[in-house]
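Trainee: I have a structure here, written as structure tokens, and I will follow up with some questions on it.
The values are calculated or read from the model by the stated rules, or taken from the named source; none is laboratory data. On a predicted model such as this, the values are computed, not experimentally measured, just so you know. All Cβ positions, glycine included, derive from the backbone under ideal geometry; neighbour counts span all protein chains shown.
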Amino acid sequence: MSRTYDAVIIGGGIMGCTTAFELSMRGLSVAVLEKGALASGSTGRSSAIVRQHYSNETTARMALHALGVFEDFEERVGGGCGFVPSGFVVLVPEADKEDLEANVALQQGLGIGTRILSREELVKVVPDVAAADLVAAAYEPRSGYADPHRTTTSFADAAKRLGASFFLGHEVTRIRFSGDDVVGVEAGGERFDAPVVVNCAGPWGARVAALAGLEVPVSSCRAQVAVYGRPEGHRGPHPVVLDFAHASYFRPETGDLMLVGLIDPSEAEDVVDPDDYPEHSDTSFDLDVGQRWMARCPPVEAASPRRGYAGLYAVTPDWHPVIDEVPAGSGHFLCTGFSGHGFKLGPAVGLMTAEFVTHESDPTFDARIFRLGRFADGQAVESRYAYSITG
Ligand SMILES: Cc1cc2nc3c(=O)[nH]c(=O)nc-3n(C[C@H](O)[C@H](O)[C@H](O)COP(=O)(O)OP(=O)(O)OC[C@H]3O[C@@H](n4cnc5c(N)ncnc54)[C@H](O)[C@@H]3O)c2cc1C
């Protein structure tokens with residue numbers, strides 16, 4: 001038996017669901033094929049920090065667009081996304097002061113609400129912060145964090161209301177072509193026919209691309225998150241903090257908890273099988289990142305570690321995604337490799353990919369910087385900071 005659609009999307013994470021939503025909005029009939037459950041890949045383990053601090057114009061514009069969707073979610077998508085506008089602060093050491101200022105100037109030029117904080121202002125914005133070693137900080141009052149699972153299922157529900165079909169427990173095992181043109185896939189013993197197939201398979205992106213005979217440089221890397229109980233007296237409102245001096249981030253979580261993770265390119269070294277990897281954090285990791293948090297906020301040293309967890313980053317050589325049609329004109333699209341910072345961009349990625357698929361003549365964003373050929377052409381995306389992990 002075969003089923004026929006205008007587009008088949010492989011993967012039911014944030015990218016698959018936002019793309020399904022945007023394509024359905026444009027009147028296409030869409031099937032999403034997901035081998036597990038919705039948000040069961042990277043998305044469900046995401047810290048879901050929603051910030052706009054990027055150092056190139058395209059990603060900063062995408063982050064700004066996406067923030068508008070998170071803020072106005074019920075109206076623009078329907079359902080909830082659990083967005084908490086806690087504010088966001090980025091802290092940098094001396095070596096990055098000029099780059100931080102240049103980034104903030106770029107972002108302000110795009111209409112992003114961000115500003116440099118003085119040390120006196122910083123201690124008012126971030127409770128318990130030790131600021132003596134810091135040279136510069138930037139603050140985005142509108143940013144925060146969301147609920148990644150809820151966001152994804154709300155996009156899926158919205159796509160369903162527009163007619164999209166979701167097939168969970170359907171692993172795509174074959175991508176079918178007629179000459180250069182894609183004609184569909186096989187999944188769960190069934191045939192799905194479509195002139196458009198979009199690979200939104202996250203950390204499995206390279207494996208799925210191989211089904212189309214393509215080599216795509218996306219590695220599946222284990223990324224850990226430590227969970228700490230916030231001590232009594234230190235449980236008030238708190239912005240998300242990205243602390244480049246300690247290569248770490250921390251953000252509040254429901255239940256008087258704090259999530260603490262790394263922003264360190266070394267995370268790309270822990271390459272794992274995405275179907276079989278240790279899903280709890282290592283005790284040594286919990287203690288290490290806890291110390292980094294406490295070094296930045298000494299009054300929380302009584303905080304107690306709880307059991308942490310690990311998820312997957314889909315890492316490319318320049319820490320930016322691949323969004324492209326390969327071969328050109330084939331109907332076979334790649335939308336993978338979001339390298340540990342894709343969740344917040346999800347609403348913009350869905351729009352970008354849908355406009356790409358439907359040949360929008362005046363697209364909202366320029367997808368060319370994410371083309372697959374950039375790696376071979378020596379035109380990888382550059383970040384202003386030496387550690388490009390945050391984009
Ligand atoms: C610990 C952690 C913290 C993070 N923190 C942040 C953050 O604070 N802010 C931020 O913006 N981003 C963050 N990220 C990154 C962000 O979560 C990812 O970039 C984003 O979720 C990627 O979404 P995706 O849809 O591309 O991939 P996924 O969510 O992995 O979805 C891919 C889906 O494809 C399915 N699939 C794979 N192969 C097949 C197949 N053959 N057939 C059918 N289905 C298939 C998988 O089951 C999976 O559900 C974090 C990630 C992790 C792991």
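Trainee: Go through the residues of segment 155-176 one by one and say whether even a single one is within 16 Å of the ligand (Cβ to nearest atom), closer than 30 Å to Val30 by Cβ, surrounded by 15 or more Cβ atoms within 10 Å (Cβ to Cβ) and polar (S, T, N, Q).
Mentor: yes
Trainee: Go through (1) of a type in the set (Gly, Ala, Ser); (2) within 23 Å of Glu267 (Cα to Cα); (3) within 16 Å of the chain's Cα centre (by Cα) for Gly290 and report which single condition fails.
Mentor: The single condition Gly290 does not satisfy is (3).
Trainee: Now, a different point. Of everything in segment 190-211 that's among the hydrophobic types (A, V, I, L, M, F, W, C), closer than 19 Å to Asp273 by Cβ and more than 7 Å from the ligand (Cβ to nearest atom), which residue is nearest to the chain's Cα centre (by Cα)?
Mentor: Only one residue tops the list, namely Ala206.
Trainee: OK, next. Applying the selection to segment 237-274, what residues are over 17 Å from Gly87 (Cα atoms) and free of Cβ contacts under 8 Å to residues at least 24 places away in the same chain?
Mentor: Matches in segment 237-274: Gly255, Ser266.
Trainee: Among the residues that make up segment 278-295, is at least one of them among the hydroxyl-bearing types (Ser, Thr, Tyr) and buried (at least 16 other Cβ atoms within 10 Å of the Cβ)?
Mentor: Yes - at least one qualifying residue is present in segment 278-295.
Trainee: Which one of these is surrounded by fewer than 23 Cβ atoms within 10 Å (Cβ to Cβ), among the aliphatic types (A, V, I, L, M) and modelled with pLDDT of 95 or more: Ala201, Ala212?
Mentor: Unique residue meeting the criteria: Ala212.
Listed here are the residues, each with its yes/no results for (1) near the ligand (Cβ under 8 Å from one of its atoms); (2) part of a loop (DSSP other than H, G, I, E, B).
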| position | (1), (2) |
| --- | --- |
| Leu23 | no, no |
| Ala39 | yes, yes |
| Gln52 | no, yes |
| Thr59 | no, no |
| Glu75 | no, no |
| Gly80 | no, yes |
| Val89 | no, no |
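Trainee: Report, by residue number, each residue of segment 70-111 that is over 18 Å from His53 (Cβ atoms) and touching a Lys or Arg at 6+ places or on another chain (Cβ under 8 Å).
Mentor: Gly78, Gly79, Gly80, Cys81, Gly82 - these are the residues of segment 70-111 that are over 18 Å from His53 (Cβ atoms) and touching a Lys or Arg at 6+ places or on another chain (Cβ under 8 Å).
Trainee: Would you confirm, using the coordinates I've provided, whether Thr43 is within 24 Å of Ser330 (Cα to Cα), in a helix (DSSP H, G or I) and in contact with a Ser or Thr (Cβ under 8 Å, 6 or more places away or on another chain)?
Mentor: No: the conditions fail for Thr43.
Trainee: Report yes if Ala31 is under 19 Å from Glu186 (Cα atoms), more than 9 Å from the ligand (Cβ to nearest atom) and either at pLDDT below 95 or in a helix (DSSP H, G or I) (or both), otherwise no.
Mentor: In short, no.
Trainee: What's the number of the only condition in (1) within 17 Å of the chain's Cα centre (by Cα); (2) more than 15 Å from the ligand (Cβ to nearest atom); (3) of a type outside the set (A, V, I, L, M) that Ser47 fails to meet?
Mentor: Just one mismatch for Ser47, condition (2).
Trainee: Would you be able to say whether some residue in segment 319-334 is charged (D, E, K, R), in contact with a Phe, Trp or Tyr (Cβ under 7 Å, 6 or more places away or on another chain) and closer than 30 Å to Val196 by Cα?
Mentor: Within segment 319-334 (the criterion being charged (D, E, K, R), in contact with a Phe, Trp or Tyr (Cβ under 7 Å, 6 or more places away or on another chain) and closer than 30 Å to Val196 by Cα), the answer is yes, since at least one residue qualifies.
Trainee: Quickly run through segment 5-21 and pick out the residues that are farther than 20 Å from Ser47 by Cα and buried (at least 24 other Cβ atoms within 10 Å of the Cβ).
Mentor: Once the filter is applied, which keeps residues that are farther than 20 Å from Ser47 by Cα and buried (at least 24 other Cβ atoms within 10 Å of the Cβ), segment 5-21 yields Ala7, Val8, Ile9, Ile10, Thr19, Ala20, Phe21.
Trainee: Residue by residue through segment 15-50, note down the ones that are under 19 Å from Tyr313 (Cβ atoms) and either of a type in the set (Phe, Trp, Tyr) or in contact with a Pro (Cβ under 7 Å, 6 or more places away or on another chain) (or both).
Mentor: Thr18, Ala39, Gly41, Ser42, Thr43, Gly44, Ser46, Ala48 - these are the residues of segment 15-50 that are under 19 Å from Tyr313 (Cβ atoms) and either of a type in the set (Phe, Trp, Tyr) or in contact with a Pro (Cβ under 7 Å, 6 or more places away or on another chain) (or both).
Trainee: Same structure, new question: Do you know which of the residues in segment 360-391 that are hydroxyl-bearing (Ser, Thr, Tyr) and at pLDDT 95 or above is surrounded by the most Cβ atoms within 10 Å (Cβ to Cβ)?
Mentor: Looking only at segment 360-391, we keep the residues that are hydroxyl-bearing (Ser, Thr, Tyr), and these are 361, 364, 383, 385, 387-388, 390.
If we keep only those that are at pLDDT 95 or above as well, we get 361, 364.
On the way: Ser361: 6, Thr364: 14.
Per the stated criteria, the residue is Thr364.
Trainee: Looking for something among the charged types (D, E, K, R), touching a helix residue (DSSP H, G or I) at 6+ places or on another chain (Cβ under 7 Å) and surrounded by 20 or more Cβ atoms within 10 Å (Cβ to Cβ) - is there at least one such residue anywhere in segment 240-258?
Mentor: Yes: one or more hits.
Trainee: Ok, one more. Among the candidates Ala138, Ala156, which residue alone is touching a residue at least 40 places away in the same chain (Cβ under 8 Å), farther than 22 Å from Arg45 by Cα and in contact with a helix residue (DSSP H, G or I) (Cβ under 8 Å, 6 or more places away or on another chain)?
Mentor: Working: Ala156 fails: farther than 22 Å from Arg45 by Cα.
None of the other options fit; the residue is Ala138.
Trainee: Another question, then. Identify the single condition in (1) in contact with a Ser or Thr (Cβ under 9 Å, 6 or more places away or on another chain); (2) modelled with pLDDT under 95 that Val182 does not satisfy, given that it satisfies every other one.
Mentor: The failed condition is (2).
Trainee: Of all residues in segment 96-151, which are outside any loop (DSSP other than H, G, I, E, B), over 24 Å from the mean Cα position of the chain (by Cα) and of a type outside the set (Asp, Glu)?
Mentor: The answer is Lys97, Ile116, Leu117, Arg119, Leu122, Val123, Lys124, Val125, Ala136.
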